[in-house]
Amino acid sequence: MPGIRAPQLPPDELRAGVRQWCAEHLPHDWRERQTGASHDEFIRFQHWWFGELRAAGYAVPHWPQSWGGGFDLARQAVIFEELARADAPRLSLHFVSLHHAAGTFLDAGTPEQRDRYPPEILDGAVWCQGFSEPEAGSDLASLRTRAERRGDVYVVNGQKIWASGAADAQHCLLLVRTDPSAPKRRGISYLVMDMDSPGVLVRPIRQITGEEHFCEIFLTDVRIPVGNLIGAENDGWRVAQSTLASERGGTMIELAERLAVGLRRLLLEAAGPEGSPPTADTVVGDRLARLAREAQALRLLVRQVITRPGSELAQGAHASVVKLYYSELLQRLTAFGMELAGLDGQRATRRAPGSGWESGAWLLDHIGSWEWTIPGGTSEIQRNIIAERALGLPREPAA
Ligand SMILES: Cc1cc2nc3c(=O)[nH]c(=O)nc-3n(C[C@H](O)[C@H](O)[C@H](O)COP(=O)(O)OP(=O)(O)OC[C@H]3O[C@@H](n4cnc5c(N)ncnc54)[C@H](O)[C@@H]3O)c2cc1C
């Protein structure tokens with residue numbers, strides 16, 4: 001029956017069920033209704049859509065069964081693919097909660113943290129990630145936000161930047177320096193910070209697109225209970241690796257599918273006024289054919305990583321190859337969308353928040369495509385990882 005959580009269903013039945021559920025539950029005009037929506041309307045819509053997915057059992061297929069998930073990787077792929085094909089809204093508000101926070105607690109949370117936070121997330125709690133700082137992005141180990149232990153609290157001072165969605169978050173995954181005398185990676189700890197703690201100031205950053213996706217977070221004498229430590233004191237670097245890995249995990253299945261949906265949109269636009277095939281123009285046809293090949297290669301790459309015996313999509317150099325290829329292909333695709341639309345393609349038409357990066361508002365999509373070449377490790381950093389871990393090339397000299 002569609003919409004009933006059934007992690008053991010044969011993949012074909014699951015696919016048919018998700019498809020039918022999408023046909024019955026996804027408002028066909030959600031893009032039109034969300035385009036131009038206020039921030040509060042966007043937040044309400046995201047919570048509503050998350051609630052629908054949750055009720056159907058499709059919100060957290062990648063979580064363990066005891067947390068409400070339990071779908072294996074192949075079945076997760078089915079769910080993510082069908083949602084992408086139905087052109088469902090992305091859960092952008094909940095992204096850090098569902099991936100980064102959950103992955104971190106699964107790997108390193110205390111029993112109390114695991115009992116508390118995943119159910120809160122299912123009830124709609126929003127998390128943000130306070131890793132980056134001015135001067136500490138790719139070189140995250142240089143972070144300077146200090147936490148001094150005083151009795152049963154840490155007192156935190158410093159600044160974070162580029163925290164996605166922090167203005168709407170209730171909790172933050174916070175990296176702090178607890179031992180300034182230790183080597184850079186060894187003196188870092190990982191805390192849960194409540195965003196309404198006294199001393200937390202959040203300032204949204206307005207982007208060129210008019211959106212306010214990121215925030216700065218200023219921390220002045222913020223008191224965080226020692227019980228909010230994730231992992232051991234000064235072992236935060238190791239814990240942070242599982243947070244970062246979760247970002248490159250199952251979400252790539254969905255993104256590869258969404259890119260294929262974007263390509264279909266591009267093909268429709270390239271068709272002539274009478275629906276003549278885009279191949280009528282050889283140059284355009286050639287470029288579309290190349291993009292189509294690349295989109296298919298991406299899907300095969302993701303599938304290969306999924307089906308590799310014992311492999312985890314989120315782990316190691318495979319994840320870097322997928323992320324690098326996806327993000328740079330997205331740039332090529334959106335750039336071509338913009339080019340194909342001529343002058344109109346350079347107009348900043350509005351798009352629905354939560355619509356992803358292949359919405360057809362090509363200028364905004366193209367600007368937005370940079371969102372994937374930077375976070376969770378820039379393309380240069382991914383190339384370093386591939387060179388060192390997959391190709392065995394000499395390691396970068398330590399900073
Ligand atoms: C859409 C988006 C969402 C984000 N969300 C969050 C969030 O929620 N929380 C958070 O904490 N942060 C977030 N970030 C920040 C992101 O993690 C950092 O921007 C990223 O780590 C890069 O750091 P930086 O901006 O300081 O650039 P830098 O590290 O200063 O890099 C500048 C340039 O130098 C290159 N470079 C640096 N080191 C090397 C090297 N060793 N070898 C080769 N080239 C190198 C980089 O590739 C880059 O091109 C987000 C960023 C984006 C774009």
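The values are calculated or read from the model by the stated rules, or taken from the named source; none is laboratory data. Predicted model only: the values in this text are computed from it and were never measured. Glycine also receives a Cβ, built like all others from the backbone with ideal geometry; neighbour counts cover every protein chain displayed. Heads up: the accessible areas ignore ligands, DNA and RNA and are worked out on the full protein's heavy atoms, side chains in. Shrake-Rupley method; radii C 1.70, N 1.55, O 1.52, S 1.80 Å.
Any residue in segment 212-221 that is in a loop (DSSP other than H, G, I, E, B), within 12 Å of the ligand (Cβ to nearest atom) and within 23 Å of THR104 (Cα to Cα)? Within segment 212-221, one or more residues are in a loop (DSSP other than H, G, I, E, B), within 12 Å of the ligand (Cβ to nearest atom) and within 23 Å of THR104 (Cα to Cα). If you go through segment 240-257 and keep only what is small (Gly, Ala, Ser) and modelled with pLDDT under 85, you end up with SER242, ALA245, SER246, GLY249, GLY250. Just for segment 376-390: of the residues that are in contact (Cβ under 8 Å) with a residue 12 or more places away in the chain and open to solvent by less than 50 Å² (accessible area, probe 1.4 Å), which one is farthest from the ligand (Cβ to nearest atom)? Filtering segment 376-390 for residues that are in contact (Cβ under 8 Å) with a residue 12 or more places away in the chain and open to solvent by less than 50 Å² (accessible area, probe 1.4 Å), the one farthest from the ligand (Cβ to nearest atom) comes out as ILE386.
Per this entry, GLU396 is counted among residues that are modelled with pLDDT under 85 and within 13 Å of the ligand (Cβ to nearest atom). Residues that are surrounded by fewer than 19 Cβ atoms within 10 Å (Cβ to Cβ) and in a helix (DSSP H, G or I) within segment 342-372 comprise GLY342, LEU343, ASP344, GLN346, ILE367, TRP370, GLU371, listed in sequence order. State yes or no: is ALA182 within 14 Å of the ligand (Cβ to nearest atom), small (Gly, Ala, Ser) and more than 19 Å from ASP221 (Cα to Cα)? So ALA182 fails the test. Among the criteria (1) closer than 25 Å to THR251 by Cα; (2) crowded, with 20+ Cβ neighbours inside 10 Å, the one SER92 does not fulfil is (2). Residues in segment 319-359 that are without any contact (Cβ under 8 Å) to a residue 24 or more places away in the chain and closer than 24 Å to THR104 by Cα: none. Residues in segment 125-138 that are open to solvent by 10 Å² or more (accessible area, probe 1.4 Å) and within 20 Å of the chain's Cα centre (by Cα): ALA125, GLN129, SER132, GLU133, GLY137, SER138.
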